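First up is the structure itself, then whatever we jot down about it.
We did not get these values from a lab; they are worked out from the coordinates using the rules stated. Note that the structure is a prediction, hence the values are computed from the model and not measured. Backbone-built Cβ (ideal geometry, glycine too); neighbour counts: all protein chains shown.
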Amino acid sequence: MNKQEVIKQFFNILQEDESYRRSWKDNIAMSFKDEFWRTCTTHKHLDLMDNETLHNITNASADNFLNLLIK
């Protein structure tokens, strides 16, 4: 199987297998979230973002990334 076929198969699996897609989404979202908290250096940053809002933003971002990736 060449690279193009592997990528095509990967995209198909992302579209068809909800739990596989969810695992990718969760990992992408957590990497965004971890980096946000890692770079939060002042109370001003913390006052602007609570954990639930950040959770919603990172999940939406991960969905958007995956949707753009497979189109």
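With the biggest extent put first, the Cα atoms of the range 3-70 measure 48, 21, 16 Å across the principal axes.
In deg cm²/dmol and to the nearest 500, what is the mean residue ellipticity at 222 nm of the chain if only DSSP H runs of at least 4 residues count, each as -39500 (n - 2.57), divided by the residue total?
-29000 deg cm²/dmol
Working from label points 7 Å from Cα in the Cα-to-Cβ sense, the Asn64 to Ser19 distance is 3.0 nm. A simple count of charges around Leu14, restricted to other residues whose Cβ falls under 14 Å of its Cβ and scoring Lys, Arg +1 and Asp, Glu -1, yields 0.
Extension gain, Asp47-Lys71: 0.36 nm per intervening residue step, less the Cα-Cα distance, totals 5.0 nm.
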